[in-house]
Amino acid sequence: RVLETIMVAQPQDLYVFQDGARDGNENDLKKCVEVRQVVEDLTKGSAVRVHTYFSKRNLGCGPGPAAALTWFFGQNDMGIVLEDDAVPHPDFFPYCEELLLRYKDDPEVWAIGSMKIAQEKKYGDGSYYFSMMNRNLCAWATWRRAWQSFDIGLENVSRKKLSRALRKYGCGWLERSYWCDRLDEVHENLCGGNSWDMQFFMSIWLNHGKGIIPNVNLSSNIGTVGDATHGMAKGNIIENLPVEGVLPLVHPTSVEVQHDADKQFHFAYFEYAKRTWGRGQ
């Protein structure tokens, strides 16, 4: 479903990364073959140039995507990124293209998101608003200049340094504590080898950057239940969200981060924050 949506958008170049099978896992081997066949079948006869990176070993859900993005941005200045379970609205592609070009030389803007979760309110006066970007990165876009600051291990980042960076966004001590605990998990074992996106968020905050969030939801996650690697309960907050169009884009007059929107997202998405926020910040 994801690849079908991509092909309708008629990209000139398509970069496909596939992680390797886990050692001794015959089911993984079978699925890897099936996925490669899907890519071949859906791109056959099209004008798209297909570039592939099929890892010979299993890197995992953290180092794998990180390696893929490093490979991609080693060849491109900007681009759109879709994980295998994020089905975008057709407007997502021109939305990304317009914003990638509009903000390509703006060092404060680091990423372009697609999901608007559990928020009915419109923020600002445009089709999108600016965020500290504590968002789910399944369908998004960015630039090489932003990815160059990525460090999956964050070895030289202390709790104090991260907390100081978050304070500039107006984050209370409970939220700062939440993210500093996640930093500890990165330092311990890269969050079990399952995370790259939290490290990317932290690189944004450490550089006092910001991201873009649409005022409508532009992508739907279809892989949160069943045999998902990161399984969630059925009916979870991001499962199969409805999508809608966003074009033509109206650019906001304010470039300030919408702190209320970020706090509401934190309430809605991070369970720890839901239980503890609002008490003694």
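The values are calculated or read from the model by the stated rules, or taken from the named source; none is laboratory data. If you're wondering where the values come from, they're calculated on a predicted model, not measured in any experiment. In this analysis, Cβ positions are derived from the backbone assuming ideal geometry, glycine residues included, and neighbour counts consider all displayed protein chains. SASA here: full protein model, heavy atoms, side chains in, ligands and nucleic acids out. Shrake-Rupley method; radii C 1.70, N 1.55, O 1.52, S 1.80 Å.
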- Item | Conditions (1) surrounded by 15 or more Cβ atoms within 10 Å (Cβ to Cβ); (2) closer than 24 Å to Pro94 by Cα; (3) free of Cβ contacts under 8 Å to residues at least 24 places away in the same chain; (4) not small (Gly, Ala, Ser): number failed by Lys44 | (1)
- Item | Hey, Phe150 modelled with pLDDT of 95 or more, in contact with a Lys or Arg (Cβ under 7 Å, 6 or more places away or on another chain) and not β-branched (Val, Ile, Thr) or not | no
- Query: Got at least one residue in the range 112-123 being in contact with a Gly (Cβ under 8 Å, 6 or more places away or on another chain), of a type in the set (Ser, Thr, Tyr) and either open to solvent by less than 30 Å² (accessible area, probe 1.4 Å) or in contact (Cβ under 8 Å) with a residue 24 or more places away in the chain (or both)?
  - Reply: no
- Message: With the requirement that a residue be on the phi > 0 side of the Ramachandran plot and either modelled with pLDDT of 95 or more or under 19 Å from the mean Cα position of the chain (by Cα) (or both), what does the range 238-281 give you?
- Response: Asn240
- Task: Return the residue satisfying two criteria in turn: it lies in the range 88-126 and is of a type in the set (Ser, Thr, Tyr) and assigned to a loop (DSSP other than H, G, I, E, B), and of such residues it is nearest to Glu4 (Cα to Cα).
- Result: Ser114
- Message: Can you tell me which residue is nearest to Ser158 (Cα to Cα) among those in the range 180-200 that are open to solvent by less than 30 Å² (accessible area, probe 1.4 Å) and touching a residue at least 40 places away in the same chain (Cβ under 8 Å)?
- Response: Gln199
- Task: Report yes if some residue within the range 52-64 is surrounded by fewer than 16 Cβ atoms within 10 Å (Cβ to Cβ), of a type in the set (Ser, Thr, Tyr) and either at pLDDT below 95 or not in a helix (DSSP H, G or I) (or both); otherwise report no.
- Result: yes
- Filter the range 162-200 for residues that are under 29 Å from Phe92 (Cβ atoms), part of a helix (DSSP H, G or I), modelled with pLDDT under 95 and aromatic (Phe, Trp, Tyr) and give the result. Trp179
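To keep it simple, each residue is scored yes or no on (1) in contact with a helix residue (DSSP H, G or I) (Cβ under 7 Å, 6 or more places away or on another chain); (2) closer than 25 Å to Asp197 by Cα.
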position	(1), (2)
Gln10	no, no
Glu26	no, no
Lys31	no, yes
Leu42	yes, no
Ala47	no, no
- (1) surrounded by fewer than 16 Cβ atoms within 10 Å (Cβ to Cβ); (2) acidic (Asp, Glu); (3) within 23 Å of Val250 (Cβ to Cβ) all hold for Asp77 apart from (3)
- So Ala21, is it of a type in the set (A, V, I, L, M, F, W, C), open to solvent by less than 50 Å² (accessible area, probe 1.4 Å) and within 23 Å of Asp77 (Cα to Cα): no
